[in-house]
1. Taking strands (runs of 3 or more DSSP E) that fall entirely within segment 123-197, which contain at least 1 residues that are assigned by TED's automatic domain parsing to the domain that holds PHE402 and not small (Gly, Ala, Ser)?
2. Filter segment 57-111 for residues that are of a type in the set (Gly, Ala, Ser) and touching a residue at least 60 places away in the same chain (Cβ under 8 Å); which is nearest to LYS210 (Cα to Cα)?
3. Can you tell me which residues in segment 156-193 are among the aliphatic types (A, V, I, L, M), out of contact with any Asp or Glu (no Cβ under 8 Å at 6 or more places or on another chain) and more than 13 Å from the ligand (Cβ to nearest atom)?
4. Among the residues of segment 336-371, write down those that are in contact with a helix residue (DSSP H, G or I) (Cβ under 7 Å, 6 or more places away or on another chain) and either among the basic types (Lys, Arg) or under 23 Å from THR442 (Cα atoms) (or both).
5. Please verify whether GLU321 is within 22 Å of SER140 (Cα to Cα) and touching a residue at least 60 places away in the same chain (Cβ under 8 Å), treating the condition exactly as stated.
6. For segment 62-80, which positions are within 12 Å of the ligand (Cβ to nearest atom) and in contact with a Leu (Cβ under 9 Å, 6 or more places away or on another chain)?
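The values are calculated or read from the model by the stated rules, or taken from the named source; none is laboratory data. Just so it is clear, the structure is predicted and the values come from calculations on it, not from any experiment. FYI the Cβ positions are ideal-geometry reconstructions off the backbone, even for glycines, and counts take in every protein chain you see.
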Amino acid sequence: MISEHFDAVIVGAGFAGIGAAIQFKRMGIENFVILEREDDLGGTWYVNHYPGLAVDVPTTTYSYFFEPNPNWSRLFSTGAEIKQYADDVADKYDVRRHIRFGVTVGGARWDDDAQLWRVNLADGETVDARYLVTATGFLSQPHMPDIPGIAEFDGRVIHTTAWDDSYDPTGEKIGIIGTGATAVQLIPELAEKAADLTVYQRTPIWVVPKIDFRFSERAKQLFARIPLTQRLIRVITDTIYELMVWVAVLHNRQTRGRFNIAAGDLAKMHRFATIRDKELRAKLTPDYDFGCKRPTFSNSYYRTFTKPHVHLQDSGIAKIESDGIVGNDGTKTPIDTLVLATGFDLWEANFPAIEVIGRDGRNLGKWWRETRFQAYQGVSMPHFPNFLSLASPFAFLGLNFFNTVEYQMRHMDRLFGELRRRGATTFEITEEANARYLARMTALLGDSLFTNGSCATARSYYFNPSGEPTLLRPTSTRAAIREATDFPIDDYRIV
Ligand code: NAP
């Protein structure tokens, strides 16, 4: 069977995949394809469209460095606007024509003789590429809870990643499982229309007020006419977010968790100001440190629980029957619709999202599990030549995904620039450089909230199944960008 050949294959057409595509184009590499399992681009912002969806990073900061968007309607934009931004950027940089939609990648295997990646598609076809970039995102594999009886439920079941836009909750009895960032946005929306809403909480989440406002038409015109004005606001919002991560997460030991305590106090005041019922407040109070799992911003979440038709169930779920949910406390709640705001399978299904077999048959998923989760500069692994994995351990800079995309694009720029300069075609990170990097990340984690704080009860996806906090890269954005621009090129074996 003859397969198609490309210089590069990118898996995933979300913001990371679009960024990688733009980077290839900047470097003069046009013969690449983006394989996307969905039928549209935008990744998480295409898949998610539940009511209330919005970003929890200010949009002045939540965009590519090189592509500010003067059209954001407000500080925390809606999901629909961010999807539009993805479309606009993809069109502006002529990325769309490279994308094949509805193509699921099964796996990829390095062919050492041909020095090529053989990429298998679910329909049995294969494509070949000199370079493979997986841009599969961190939150792309929905988590379906394994609750006894769930398959026997007769009503409607909706996972938040597969929202049915025609679904009208008006007058419905709804049970929702989960109280993560998604649920915090969705619960107030459902409560507006439902006749009865029961929220099944396993782990309370930290919620702080959201300071949000609309950008006036004049402000938008100003951003469009003098982009520097928007960049200045970006400097401010970037700095605030960066400082929060630096103080609360990365240097928790040095700051003795003071910021986390202060942020927790703010959430406490927010609860106190909103909810009079002491018992309800106690139920909604987390018992782990602020920041152990991603905190949320909402002005309506707590208030929703004060409505008479909204109930908080925190005794756990014993089973689901054909017409309702039975709690561990023996109470049965009849429901018409079960909403699963149960998040994503991060470590089990996403690291890696496809099977990747490198040199000498090294299987990436097995290797990560048999050794440790690791990736040099959050992109490269030894024994995986010509492969960049953008959704890797130690890749995500925390809070703003676009910072991660920016440093990864710069890493590509330096690496592929060097290949071109040397007239080389193959790169692979050395074992030594990778080991050095892993040791450095591990040491840096020693100062972090994840090591010094009280995170054991958070059930946070920042921690892998072995209990190591290997999702976030424990450096500042500045350091990540600097290192992407000047990492020792000899860390790679280039031939
Ligand atoms: P999540 O944070 O992983 O939350 C999933 C929720 O489901 C948790 O409360 C979890 O409880 C619960 N759950 C899962 N399985 C369960 C089970 N078997 N029984 C009972 N409860 C169960 O997922 P998410 O809310 O979708 O958010 C994921 C991430 O997406 C966020 O952290 C954020 O980074 C991003 N996000 C961002 C925005 C935004 O930008 N505004 C919006 C939505 C999501 P436990 O905590 O006990 O495991």
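1. It comes to 126-134.
2. SER73
3. Answer for segment 156-193, where residues must be among the aliphatic types (A, V, I, L, M), out of contact with any Asp or Glu (no Cβ under 8 Å at 6 or more places or on another chain) and more than 13 Å from the ligand (Cβ to nearest atom): VAL157, LEU190, ALA191.
4. PHE351, PRO352
5. The answer is no for GLU321.
6. Across segment 62-80, the qualifying residues are THR78, GLY79.
The rows are residues; the columns are (1) among the aliphatic types (A, V, I, L, M); (2) part of a helix (DSSP H, G or I).
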{"site": "PHE223", "(1), (2)": "no, yes"}
{"site": "TYR241", "(1), (2)": "no, yes"}
{"site": "MET244", "(1), (2)": "yes, yes"}
{"site": "GLN254", "(1), (2)": "no, yes"}
{"site": "ASN260", "(1), (2)": "no, yes"}
{"site": "LEU266", "(1), (2)": "yes, yes"}
{"site": "ALA273", "(1), (2)": "yes, yes"}
{"site": "ARG294", "(1), (2)": "no, no"}
{"site": "ASN299", "(1), (2)": "no, no"}
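Conditions (1) surrounded by fewer than 16 Cβ atoms within 10 Å (Cβ to Cβ); (2) more than 16 Å from the ligand (Cβ to nearest atom), marked per residue:
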| position | (1), (2) |
| --- | --- |
| ILE325 | no, no |
| LEU340 | no, no |
| ILE354 | no, yes |
| ASP360 | yes, yes |
| TYR376 | no, yes |
| PRO382 | no, yes |
